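Trainee: Here's a structure for you.
The values are calculated or read from the model by the stated rules, or taken from the named source; none is laboratory data. Predicted model only: the values in this text are computed from it and were never measured. Cβ coordinates were reconstructed from backbone atoms using ideal geometry, including for glycine residues, and neighbour counts include every protein chain displayed.
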Ligand SMILES: [Zn+2]
C-alpha cells in the first residue's frame, strides 16, 4: 500500500511528458502543406510557390498545397504551367 502514492505520481509525470511532446513540434502543420515548388524556367526569377503563402494574385489562399492548386494556375512570373514546376528538394539550378 505504501507504494501506491509513488506509482500514481510517476504515472502523472509520465502523462505530463507525453502532453508536452504532443504540443512541442510546431513543424507538423508546415509539413502537411508539402514543400515549396520551383519554376524551372531559366528566365524566371526563379519563382518559388510557397504553400504557406499561396498566390493571392491568382486567388490561391495561403495554406494551399501545390497539388491542390487550380488546374489553370500558372507561374505568376513567366506564365509557365504547373507541369514545369519541381519540388524544391529536386530542383537543380
Ligand atoms: Zn516561372
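Trainee: How many residues are buried (at least 16 other Cβ atoms within 10 Å of the Cβ) and more than 10 Å from the ligand (Cβ to nearest atom) if we restrict to region 51-87?
Mentor: Number satisfying all stated conditions: 9.
Trainee: Are there any pairs with C-beta distances below 7 angstrom linking a residue in region 25-50 that is on the phi > 0 side of the Ramachandran plot and modelled with pLDDT under 95 to a residue that is within 16 Å of the ligand (Cβ to nearest atom) and in a loop (DSSP other than H, G, I, E, B), with the two at least 6 apart or on different chains, and if so which?
Mentor: Pairs found: none.
Trainee: Please work out which residue is nearest to residue 75 (Cα to Cα), limiting yourself to region 32-44 and to residues that are part of a loop (DSSP other than H, G, I, E, B) and more than 7 Å from the ligand (Cβ to nearest atom).
Mentor: Ranking the qualifying residues of region 32-44, first place goes to 40.
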